[in-house]
Amino acid sequence: MVADRGVVPKGSAEIFFRKVKFWKGDEAEEAPPVFNVDGVNYIHAKVAGLMFVATTRANVSPSLVLELLQRIARVIKDYLGVLNEDSLRKNFVLVYELLDEVIDFGYPQMTSTEVLKSYVFNEPIVVDSSRIPTLGPAAMFMQSTKRMPGTAVTKSVVANEPGARKRDEIFVDIIEKISVTFSSSGYILTSEVDGTIQMKSYLSGNPDIRLALNEDLSIGRNVGNSMYDYRSSAGGGSVILDDCNFHESVHLDNFDLDRTLSLVPPDGEFSVMNYRMTQEFKPPFRINALIEEAGPLKAEVIIKIRADFSSSVTGNTIAVQMPVPKYTTRVSFELESGAIGQATDFKETNKKLEWSLNKIVGGAEHTLRAKLTFSQESHGNLTKEAGPVSMNFTIPMYNASKLQVRYLQIAKKSKTYNPYRWVRYVTQANSYVARL
Amino acid sequence: MAPPVPNLPKTSSPSQPSGKSEVADLKLQLRQLAGSIAPGSDDSRREIFKKVISFMTVGIDVSAAFSEMVMCSATSDVVLKKMCYLYVCNYARSNPDLALLTINFLQKDCRDDDPMIRGLALRSLCSLRVANLVEYLVSPLTTGLKDSSPYVRMVAAIGVLKLYHISPSTCLDSDFLAMLKALMLNDPDAQVVANCLSSLQEIWSLEAGNLEAVSREREALLSKQVVYYLLNRIKEFNEWAQCLILELASKYIPSDSNEIFDIMNLLEDRLQHANSAVVLATIKVFLYLTMSMTDVHQQVYERIKAPLLTLVSSGSPEQSYAVLSHLHLLVMRAPILFSSDYKHFYCQYSEPVYVQKLKLEMLTAIANESNTYEIVTELCEYVANVDISISRESIRAVGKIALQQYDVNAIVDRLLQFLEMEKDYVTAETLVLVKDLLRKYPQWSHDCIAVVGNISSKNVQEPKGKAALIWMLGEYSNDMLDAPYILESLLENWNEEQAPEVRLHLLTAAMKCFFKRPPEAQKALGVALAAGLADSHQDVHDRALFYYRLLQHDVSVAERVVNPPKQAVSVFTDAQSSEIKDHVFDEFNTLSVLYQKPAYMFTDKEHRGPFELAEELGSLSLGTGSVEHVIPAQSYEASDNDLLLGTSEKEESRGLGNNDSAYSAPGYDTSLISLEDKQVQPESNFLSLAVPTMPSHTSSVLDDLLGLGTPIIPPPPTLKLNPKAVLDPSNFQRKWGQLTTSLTEEFSINPQGAVALKVPQALHRHMQGHSIQCIASGGQPPSLKFFFFAQKEGETSPFFLVECLINTSSAKAQINIKAEDPTLSEPFSTLFRSALLALSPS
């Protein structure tokens, strides 16, 4: 989308890359998403490891441009099935064609995959998704950004699968990112669930859909009171969201009555609803960490993790990190006996110890011991020199907020019409931190 | 989007890099296929077109294949056509002759049966951007606007805007604007309506001030009829067009409060939209509508909190940053309304530094009696942060909260604990804060000094921290037993001390200490003065000399100067003026909020948002930018220092005669004026004659004698200006809008002259002496902005318009000249520059 109107200098792509790469010279500080070089504003968003950049000389709405860049990325993904460097390369003519219809002279035009279908003619060259390296079973939800990750579906919305006729199906994913900060004494200082209900429809003929949520769902906490003075036990398991927003296509006519959303899902992937909850919830993992002096120039770290959820659920790709004092020179780890699928590492350059576990079954507890060796005497308080412990994880078929999809109803076209529906839950760590 | 780098097709040719042989090869293949109607020939053409475009993408020049591409374009295959259009639009501008070749087939396609082909062809035709082909655009555009297909009308509506950018006169002379207006109010298709609105807004704002009719049209866009028509249909539009309409609505001025509530009720559900741009645009409407209704305005703040917070946590990091910046702006405007939401602004692990910095500022702003304890506790956690810059910012935040005087007691303890962490940068930052704290709350000196006294000065390396420590040593010599001896040891390393700031503080501390504990500190003072006098740094040397002479003169006077009874500082100045903050708020939902500065500081004039151009001159004319109307030149009175508008010579001289003490006349060099401009008015001569009576003149003459700071003055230019040129602000705006910049220059100005610019009037008068009139000025030092005009000698001669940006701290100037006769812009620029360079302090 560079230089759509010819008002931006030719070398702007180079200027952009230089600026982003060497923001603030040697400091490893990340460039902000919006910056100005010689009167040209560069606005960029990272999606799936790719940079989407817009340039303008006008004082535009940054949110509009960033939303548009995200939308462009999604439209391309809808078309190509998979969004990565390889698929872009193979389909650049198609991408040009899409951009041409999406923006005209800097003004956004059609941006829904649905509408674009009638104006775009290049057939996507589908990249074989099975060849894309995966990182274990949860890779489908693992995209390192905060953005709610895409669904597992890597099927193009428009391409016809060779040999197979198009299958009628719809995917509904309830994806929750949780943030919890534990105090040094194990209290929860802050907690938040940021959730999204993501939908990807391959239904032919755009039928009506009804999506029913918990009947006892309520929205908006008492304004005026601090949102953190939890009502004690919150009326027996009801879900109270702080706030939520909805996709354009959603009709809320019955929402107040019976908590159902009705919509005609457009083709492609979109968020039906985003919500935010600060109501107290049970954190899936408890972290216990401590650091103690163990003789001159030595200290011991003990990290315990307990999975506080049902044993029918398994958390996976767990990664625990903890910064240790700057003058740490050596770390020796001691895993519990019989540990499988666990690994440890001491990152010398940024003085962090890392502990990864392939999976944790609900109810299980795991412990790591590490002996640190220092190059100098520590002054006083070790807890000010080390920590906090942070944790990353993915827990499929688990959601912290207890928000449920009670049913997903698809208006029937005929008696035999019975499309596949997939409703899936997944919870991920956003910022999951325990202080020492 | 990152340019896709396609795999270069493998060819038999071994010479890959230049791509020349490939291009020749492709040409040949295209020729062979040109007339072919054999089955499958479209597929082979597609393959070759793809190759051509992939070359184009990686920057290989394939314009040589232009005629072959055009030959192959006679096809019914839409994919082929689209690739061909893409190719043509890319090369038309640099090959206008070849572009002519395409007109024929594009025009033909504009009449195709398929509306899609018509739309595509029209879009490409308008995107050729070749000035001498505009005549071919008018008729297809006219037809396009009346097309039965909304797709074509939509393309045509933007096409009009494209035409305007190639040739404004062609666009305005045809009846396009009226057609767009009619379509906007009548077309059933929402996107057509939106595109008409976009085009009209942009064209009318670029035509700002050109004709009275245009400004009436602009106003008509903001009429109740239009705004209500669009708002009532808002749900028919896609989210981007909704933003456009909301932006328009935010400029609408309702007639009564009922209207305000109607609009807000109508838009209430837009706050639940998942698109952050729609929500922010809605919030802008709400905030602006309720500006004059304090209670409702405050309710709006309460209402928008939750949606904003949801957007911050649900979007991509980039989107959430853009929303958070707006939240930051609101928090800074009304911190009290957010005081219970502080936990939302806690930093999260893994957040980028630019987000954490915003959050720290917000936490600092909303700290009050009820939440200070929690906030400070949280901030203290960040001090141990791995990221040093966040750690520093956190310490500063704690200090700032302390200076806001809530619960200082607990905070001082926290700050002092930082000193025990024994991290260099933590200690340095903390010392600076402790110093500021003591200046405001001297009562804490005992607690602080006890801890500070334990810090070994060897552990403090950063100049700011070191200077703070030394300041405390001097100030509290009586409370710190070792003070004279610590100073002594620091003085021993005088020569290794790099920062002049530290050496200056050493001098002062030695003096202070001397007056408090003379016998012990005498030695230190002697060492300090000797070292200071020998110092190569001017300021250090001067201060040492000053102290030395002061002591020689009278020791008790010296004591009164160096150690006066201290008064606690009550308020520390804010870094950013409230005018700037208000200005940024006026530009809600734009980049200004992210940069935290108003648009005029980072955007050139032509590229401000629609409807902002006309306001600019007005806002500049008052410097602060808070009032938005242009003051007519006639209302100016020379004696009034608050009005910055230029005026005619006559009033000027009257002002001088009556009131010469009230204004700061620039110190003219008579010889300069006569050299440069033989047309100096008698009044101006009077002015330069009057100058020698002013004491400042002597110094500037002295400077000139010494050859200090007098830049080389270019040879006298030949252009002569009309000293009595008159141009009223609206005409100025019109001309400014019409003309294009003919010359842009950057140069240094006399640094002493830059000092004189503390009072912008000084420059107005000075330039007037050179027959260049100022029409508006503004900005905040060090960045000043002026608009000037001048006229070539003669009643009806062409005008010159100048936008002049001056940075007083770097003594740099940038001028953008728009000339009615561009051939004269060069000599005029020389003249302007020499006039500006002659500016010296008054």
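The values are calculated or read from the model by the stated rules, or taken from the named source; none is laboratory data. In this text the structure is predicted, and so the values were computed from the model without any measurement. No Cβ is skipped: glycine too gets one built from the backbone with ideal geometry, and neighbour counts run over all protein chains shown.
Structure data summary
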quantity: Condition met for B:TYR91 (more than 19 Å from A:LEU94 (Cβ to Cβ) and at pLDDT 85 or above); calculated: yes
quantity: Unmet requirement for A:GLN409, which otherwise passes all of (1) touching a Phe, Trp or Tyr at 6+ places or on another chain (Cβ under 7 Å); (2) farther than 27 Å from B:ASN385 by Cα; calculated: (1)
quantity: Selection within segment B:417-435 - closer than 21 Å to B:ALA367 by Cα and surrounded by fewer than 18 Cβ atoms within 10 Å (Cβ to Cβ); calculated: B:GLN417
quantity: Any chance B:SER292 is surrounded by fewer than 19 Cβ atoms within 10 Å (Cβ to Cβ) and either at the interface with another protein chain (Cβ under 7 Å from one of its Cβ atoms) or modelled with pLDDT under 95 (or both); calculated: yes
quantity: Residue in segment B:148-163 that is under 26 Å from B:TRP736 (Cα atoms) and more than 14 Å from every other protein chain (Cβ to nearest Cβ) present; calculated: no
quantity: Any hit, segment B:300-307, residues being within 7 Å of chain A (Cβ to nearest Cβ) and not aliphatic (A, V, I, L, M); calculated: yes
quantity: Tally, over segment B:376-389, of residues that are within 12 Å of chain A (Cβ to nearest Cβ) and either buried (at least 18 other Cβ atoms within 10 Å of the Cβ) or outside any helix (DSSP H, G or I) (or both); calculated: 9
quantity: Test: residue in segment A:362-381 that is aliphatic (A, V, I, L, M), at pLDDT 90 or above, farther than 29 Å from A:GLU292 by Cα and surrounded by fewer than 21 Cβ atoms within 10 Å (Cβ to Cβ); calculated: no
quantity: Selected residue [touching a Leu at 6+ places or on another chain (Cβ under 7 Å) and hydrophobic (A, V, I, L, M, F, W, C)] from B:ILE388, B:ILE411, B:ILE401, B:ILE395; calculated: B:ILE395
quantity: Selection from segment B:313-330 of residues that are more than 9 Å from every other protein chain (Cβ to nearest Cβ) and among the aliphatic types (A, V, I, L, M); calculated: B:LEU324, B:LEU327, B:LEU329, B:LEU330
quantity: Tally, over segment B:49-67, of residues that are more than 12 Å from chain A (Cβ to nearest Cβ) and surrounded by 20 or more Cβ atoms within 10 Å (Cβ to Cβ); calculated: 3
quantity: Members of segment B:377-404 found to be in contact with a Cys (Cβ under 9 Å, 6 or more places away or on another chain) and hydroxyl-bearing (Ser, Thr, Tyr), listed by number; calculated: B:TYR382, B:SER394
quantity: Failed item in (1) at pLDDT below 95; (2) within 14 Å of another protein chain (Cβ to nearest Cβ), with B:LEU197 passing the rest; calculated: (1)
quantity: Conditions (1) over 15 Å from A:PRO323 (Cα atoms); (2) under 31 Å from the mean Cα position of the chain (by Cα): number failed by A:THR344; calculated: (1)
quantity: Among residues of segment A:385-409, those that are aliphatic (A, V, I, L, M) and not in a strand (DSSP E or B), counted; calculated: 4
quantity: Checking A:GLN428 against (1) surrounded by 17 or more Cβ atoms within 10 Å (Cβ to Cβ); (2) more than 25 Å from the chain's Cα centre (by Cα); (3) polar (S, T, N, Q); (4) not assigned by the TED database to the domain that holds A:LYS298, the condition it does not meet; calculated: (2)
quantity: Residue match in segment B:263-274 (condition: of a type in the set (Gly, Ala, Ser) and either surrounded by fewer than 20 Cβ atoms within 10 Å (Cβ to Cβ) or at pLDDT 95 or above (or both)); calculated: no
quantity: Subset of segment B:219-249 [of a type in the set (Gly, Ala, Ser) and either more than 11 Å from every other protein chain (Cβ to nearest Cβ) or surrounded by fewer than 19 Cβ atoms within 10 Å (Cβ to Cβ) (or both)]; calculated: B:ALA220, B:SER223, B:ALA249
quantity: Segment B:476-493, subset aliphatic (A, V, I, L, M) and farther than 13 Å from B:LEU507 by Cα, residue surrounded by the fewest Cβ atoms within 10 Å (Cβ to Cβ); calculated: B:LEU481
quantity: Spans of helices (runs of 4 or more DSSP H) in segment A:16-127 with at least 2 residues within 10 Å of chain B (Cβ to nearest Cβ) and under 30 Å from B:LEU197 (Cβ atoms); calculated: A:62-80, A:92-102
quantity: Hits in segment B:424-448 - residues which are among the aromatic types (Phe, Trp, Tyr) and farther than 12 Å from B:VAL412 by Cα; calculated: B:TYR425
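Residue-by-condition table, conditions (1) out of contact with any helix residue (DSSP H, G or I) (no Cβ under 6 Å at 6 or more places or on another chain); (2) free of Cβ contacts under 8 Å to residues at least 60 places away in the same chain; (3) closer than 26 Å to B:LEU100 by Cα:
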{"site": "B:VAL138", "(1), (2), (3)": "yes, yes, yes"}
{"site": "B:THR142", "(1), (2), (3)": "yes, yes, yes"}
{"site": "B:MET154", "(1), (2), (3)": "no, yes, yes"}
{"site": "B:ILE166", "(1), (2), (3)": "no, yes, yes"}
{"site": "B:LEU177", "(1), (2), (3)": "yes, yes, no"}
{"site": "B:MET184", "(1), (2), (3)": "no, yes, no"}
{"site": "B:ASP187", "(1), (2), (3)": "no, yes, no"}
